[in-house]
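Engineer: To start, I am sharing the structure in question, which I have written as structure tokens.
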Ligand code: MLT
């Protein structure tokens, strides 16, 4: 996965941009980074323009020590689109990436050609859920990211993957351990205060596909069904034997769903891109 960097909204953001055609922007889960999309990038960038981004607080992007909000992450994605000269894209958000897509859609619906909401939910956190976020932030602060990996891995992957696929478990652990505490705690606060997106669902007018792992316990199939019922025209795909990180556990099925949906939306054409801004002169 190649790395490119830009400076936007006061911080450095790392991203990768490969292939040509319809732009597909992938937004990762908490507390991971854009390398969770490595299998999607490999398979899809021969037909589409695949953009993955380390959201603020994650991976190689800056993790400033200050307040985080999902609106701010949506603004970062919007600024990245401008930087890349992309007018409209298909967006794929998994879990926290999906929460950010709801924020993005509220502010920038005209930039959305289609949505794929994977292993995510529209509801806000319950009071108990918010308390859980607070406890996790304290754990991150006192014990560090590896304690967060211990807590999160059983929620992200199926028991079968944990038992028999050590390379996936190690990849997830590495992503979590590379985060800074400021980013982990910041995102927990941002997710805790996100609004209920149920009232937004029937206002979503772009083509939408919902994906969920059959064994996802963090955002179960019942949450996915609710979104599919309320978003006009949305369709639901359930990936058998996958848990929360369905794209990592069953990449072929996940890629097939994304590729078929993207092909239905049409190949990238000139209306998807804008003239790129001129690079700064070297004086
Ligand atoms: C994620 O995968 O992004 C998280 O599980 C989302 C959450 O904690 O609500």
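Throughout, read-outs are computed from the coordinates displayed, never taken from laboratory work. Note that the structure is a prediction, hence the values are computed from the model and not measured. Cβ: placed from backbone, ideal geometry, glycine included. Neighbour counts: every protein chain shown.
Engineer: Could you state the per residue volume, in Å³, of the convex hull enclosing the Cα atoms of the range 1-85? Please report the intermediate quantities before stating the final value.
Structural biologist: Values: hull volume 7.0 nm³, N = 85.
Dividing the Cα hull volume of the range 1-85 by its residue count gives 83 Å³.
Engineer: Calculate the all-directions average of the projected area of the range 79-120's alpha-carbon convex hull, and give it in nm².
Structural biologist: 2.6
Engineer: How much FRET efficiency would the formula 1/(1 + (r/R0)^6) give for residue 1 and residue 170, where r is the Cβ-Cβ distance and R0 is 22 Å, rounded to 0.05?
Structural biologist: Working: r = 16 Å, r/R0 = 0.74.
Result of the calculation: an efficiency of 0.85.
Engineer: Where does the range 106-242 land on Rg/Rh, using Cα atoms and the Kirkwood Rh? All intermediate terms of the calculation are to be shown ahead of the outcome.
Structural biologist: Values: Rg = 16.5 Å, Rh = 16.6 Å.
Here the Rg-to-Rh quotient is 1.00.
Engineer: Which log10 I(q)/I(0) values, to two decimals, does the range 37-85 give at q = 0.13, 0.26 Å⁻¹ under the Debye formula with one point per Cα?
Structural biologist: Log-scaled intensity ratios, in q order: -0.39, -1.04.
Engineer: Here is a further query. From the helices alone, meaning DSSP H stretches of at least four residues, give me the mean residue ellipticity at 222 nm for the chain, per-run term -39500 (n - 2.57), in deg cm²/dmol to the nearest 500.
Structural biologist: Numbers: 12 runs with 127 residues, N = 283.
Helix-only estimate at 222 nm: -13500 deg cm²/dmol.
Engineer: Still on this structure, I have one more. If you take the beta carbon distance between residue 205 and residue 126 as r and set R0 to 25 Å, what does 1/(1 + (r/R0)^6) give as a FRET efficiency, to the nearest 0.05? Can you show the working numbers first?
Structural biologist: On the way: r = 29 Å, r/R0 = 1.16.
E between residue 205 and residue 126, to the nearest 0.05, is 0.30.
Engineer: Nearest 5 percent is fine: what portion of the DSSP beta bridges confined to the chain is antiparallel? Could the numbers behind the result be given before it?
Structural biologist: On the way: 10 of 34 bridges.
So the antiparallel bridges amount to about 30 percent of the total.
Engineer: Follow-up question, since we're still on this one. Quick check: the distance between the Cα centres of the range 103-143 and the range 26-65, to the nearest angstrom?
Structural biologist: 16
Engineer: So, in Å, what gap is there between the alpha-carbon centers of the range 68-89 and the range 180-205?
Structural biologist: If we compute the Cα centre of each part, the gap is 16 Å.
Engineer: Stokes-Einstein diffusion coefficient for the chain at 20 °C in a medium of 1.002 mPa s, Rh from the Kirkwood formula over Cα pairs: what value in µm²/s? Spell out each step's value before the answer.
Structural biologist: Details: Rh = 18.8 Å.
In µm²/s, the coefficient is 114.
Engineer: Something else now. By count of other Cβ within 10 Å, fewest leading, how are 58, 78 ordered? Before the final figure, lay out the partial values.
Structural biologist: Values: 58 29, 78 16.
The order, fewest Cβ neighbours first, is 78, 58.
Engineer: Ranked by Cβ crowding within 10 angstrom, fewest neighbours first, how are 82, 75 ordered?
Structural biologist: Details: 82 14, 75 18.
Placing the least packed residue first, the sequence is 82, 75.
Engineer: Right, next: Which one, 272, 150, 119, has the greatest fluctuation when you compute a Gaussian network model over the chain with C-alpha springs under 10 angstrom?
Structural biologist: Of the options given, 150 has the highest mean-square fluctuation.
Engineer: At 7 Å along Cα-to-Cβ for each site, give me the label-to-label distance between residue 146 and residue 8 in nm.
Structural biologist: Taking the two extended label points, one gets 3.5 nm.
Engineer: Per q in 0.17, 0.18, 0.27 1/Å, what log10 I(q)/I(0) does a Debye calculation on the alpha-carbon atoms of the range 200-241 return?
Structural biologist: -0.42, -0.47, -0.87
Engineer: Sticking with this structure for a sec: Against the globular-protein guess of 2.2 N^0.38 Å, express the Cα radius of gyration of the range 172-218 as a ratio, rounded to two decimals. Numbers along the way, then the final one.
Structural biologist: Details: Rg = 15.4 Å, N = 47, 2.2 N^0.38 = 9.5 Å.
Dividing the Cα Rg of the range 172-218 by 2.2 N^0.38 Å gives 1.62.
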